[in-house]
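Step one of this worksheet: look at the structure below.
The values are calculated or read from the model by the stated rules, or taken from the named source; none is laboratory data. Just so it is clear, the model here is predicted, and its values are computed rather than measured. Please note: Cβ atoms are built from the backbone with ideal geometry, for glycine as well, and neighbour counts cover all protein chains shown. The accessibility values were calculated without ligands, DNA or RNA, using every heavy atom of the protein model including side chains. Shrake-Rupley method; radii C 1.70, N 1.55, O 1.52, S 1.80 Å.
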Amino acid sequence: MKMAYIADFGAGNTCLYCIVVGLEKADLEALNDANGEPSGYALENDGNILLGGELFGLDYNQLSSIEKFRVNLKAQPSEETADELVFYFRNWLEKVKRDHPARFTDVDEAWWLIGCPTGSEWKNAKTIELYTSIFQRAGYGKVYIVPESNAALAYYQKTEGVLDNYDAEHTALLLLDQGAYSLDATVYGGVLSSVGSYLGASIIDRMMVRMVLYGKEEENRLNKNIHNLPDVLQEVRGLYENEGKDGKLHTYLLLCARQLKEDFFTQERNKKLNKNWDSVKNTYYESKQGNVFHLFINSKMMHRILYELPVRQVLGPEFSILPLETQKELGDKCWIDAFRQFLANVDASFPQLVRGDVKLRIMLAGGGSLMKCVADEVSAHYPKAVVADSSNAISAIGKGMAYWAPDKIRAEEFSDAFEAFLSRTIVDNDGDNVNAITHELVLAIGECISKMAVAMRNQEAKDVSESIIYWRDYNCTASQIPNEIDKRLRKWCNNTGIPDFQKNIVEQIQLLKDKLNQDFTHTLDKCNLPREKLLKPDDQVFLSDTRQILQNVFNAVTDIIVEHYKENEIWSKLTDKKKGLFSDPRAELCNAIAEQLGEWIKKEVGSTVELCFKFCTEIEFDFDGQKYTLLQRFQMEGLFDLYNLMRKRKKEILGSLVLEEYIDD
């Protein structure tokens, strides 16, 4: 059984799925809570680790047994963070195997598709290689790193068919991924292009905690019957400040705030929010006097957090611990103003989004997109757009990777099979293993050289005969016969020999293309893909360099042939007597030695075939400061042109399976 496992390890939420590959109808199965679980971990003193929903089950009294407590782990991987990420991901793998043993039994082939952000810092090969190696070290085996924008687009294609009847000229697709760590925008216009920011929704968690701890409670609370009494506030503030930003209490309160925030926005989305009441989260912290500390949020506080108060003002000294990029983006703005600025930046990057003749469709993904304010702001900014606001946006990336997984795996298998096709070897006549395509090119140029050699030998014999006849008819002297041979042979080379050679190359390349197409059907069949031509009839193998060298080859062979005849002593045996009234000495001589001349010509041209092969396969010619034989240049250029055509075709075939964002090398 082939199985694809999918992991969206977001900064705020983790979603895990699996799907059987190869079945015509395979159901997507969640390996943790259907809407994901909180990201992060708590390591207890006895070595036990708490993950996912187990973190929401914590109360303050358990913090004393915790050695390390981390949330918001999503960041660009580095050598410094690699070991912790390996530890974290390995424990997630062990957890899902314990929770779902049947999904890991009798699996012959397994793939893991892991999501990554679409920010520019992730678009380089080294980052992707490091991230891949982290999961491989954690025991995930065969890993594919998938840009989250690709996955979310796959989700909306599966659920809403956003790419059906797509018109690239008059339609634009915009995907907004509001996560806990970042905010990314991806535009599809035939290819995927993304811009990102660090305006994560987790900033709101921090603001909620700060407002409860340091705000004026009498101004913030709607329910006046419940208060955090001064003694408990003072104790929690003291612990909070003493532990610092990485302290267990700080992490615990952020986690509680996240849960409270999600409950608030879920109620608001479902129109069940009581705007005149507080949503309260019991932290289970009790002061020395027995008073309990609560986090709380309400519509008035949330409006101030989102729309009124600058983030810098609310967070105070905690603002400086945000990533520098985040601080720069926020400046002195409130959260919603920073969000609006991001949308303006998106428009600047993708002006087609605001063209009047373009129909814009917007898709939302990421847990933060469930905040009503996000959908409201997007609709206000793009009033004519159709906004696909899925209630499953929090799991859109994970589910999208799962929907996409079978095609992605087929694409990877096809890519491997394609490279194997290009790398095929055969044993040549010398017993050496050589590349099959290179060998076919050698055979192709060999056929062209053979035809050239025979044609040139025959033309040489014809030109020598006709030059002697030209002498016989008193049109030149015997010593001028080599010049006649030279003139006639070069004329043939330019008008017939070289064009015929080029025509033969075209014919041989077409035969080679036909053979490659036939051989490639086995690769397509193996990958269960429709039979398509790898190389089309109008695909051009230009061989422009080979054509230039070809002129040099013909000239060089002609030079040797003509030089041979110029040095030949036979012309001294021919008479230059003039034609008499009753005598024709030249014709008489030709008739007398006709048989000997025929044998002589046959003997003289006998080495021409060998000469042609030598100049095509052994003699090097200068080309752009380098020296190549015709055979070498044909092999190099033919292989280069064919490989480019085949790799272009590979991308076309892959394009029907998956959408890929570029990765810089």
Give the carbon-plus-sulfur fraction of the accessible surface of the chain in %, rounded to a whole number; probe 1.4 Å, heavy atoms of protein chains only.
48 percent
Mind listing which trypsin sites (Lys or Arg not before Pro) in region 544-619 are in a DSSP loop and have 10 or fewer other Cβ atoms within 10 Å?
578
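Ratio of alpha-carbon Rg to the 2.2 N^0.38 Å globular estimate for region 213-255, to two decimals, please.
Working: Rg = 11.8 Å, N = 43, 2.2 N^0.38 = 9.2 Å.
Ratio of Rg to 2.2 N^0.38 Å for region 213-255: 1.29.
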Quick one: what does P(r) look like for region 563-612 with 5 Å bins over all Cα pairs, in whole %?
4, 16, 21, 22, 16, 10, 6, 3, 1, 0
For the chain, the longest site-free run once GluC sites (Glu not before Pro) in DSSP loop states with at most 14 other Cβ atoms within 10 Å are removed
170-531
In µm²/s, what is D for the chain at 4 °C and 1.567 mPa s, where D = kT/(6 pi eta Rh) by Stokes-Einstein and Rh is the Kirkwood radius from Cα pairs?
42 µm²/s
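So for region 316-467, what are the equivalent ellipsoid semi-axes in whole Å, largest first, each being the square root of 5 times an eigenvalue of the Cα gyration tensor? Can you show the working numbers first?
Details: eigenvalues 862, 110, 69 Å².
Each semi-axis is √(5λ); the values are 66, 23, 19 Å.
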Pairwise centroid distance, computed over Cα atoms, of region 199-259 with region 497-534, Å:
70 Å
Give me the net charge of residue 288's neighbourhood, meaning all other residues with Cβ under 10 Å from the Cβ of residue 288; Lys, Arg count +1, Asp, Glu -1.
-3
Cα-based Rg and Dmax for region 448-507, where Dmax is the largest Cα-Cα distance (Å):
13.3, 43
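What share of the DSSP beta bridges in the chain is antiparallel, in percent to the nearest 5? Intermediate values should be presented prior to the final figure.
Details: 43 of 65 bridges.
Antiparallel bridges: around 65 percent, rounded to the nearest 5.
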For residue 222 paired with residue 623, estimate the spin-label separation in nm (one decimal), with each label point 7 Å from Cα along the Cα-to-Cβ line.
7.9 nm
For the chain, accessible area per residue (1.4 Å probe, heavy atoms of protein chains only), Å²
47 Å²
From zero outward in steps of 5 Å, how is the percent of C-alpha pairs of region 1-133 spread across the bins?
2, 9, 18, 20, 18, 16, 11, 5, 1, 0, 0
Can you compute the charge dipole magnitude of region 3-105 about its Cα centre, using +1 on each Lys and Arg Cβ and -1 on each Asp and Glu Cβ, nothing else charged? Give it in debye, rounded to the nearest 20.
200 debye
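Set the Förster distance to 35 Å, then compute FRET efficiency between residue 648 and residue 81 from the Cβ-Cβ distance, nearest 0.05. Before the final figure, lay out the partial values.
Working: r = 39 Å, r/R0 = 1.10.
That gives a FRET efficiency of 0.35.
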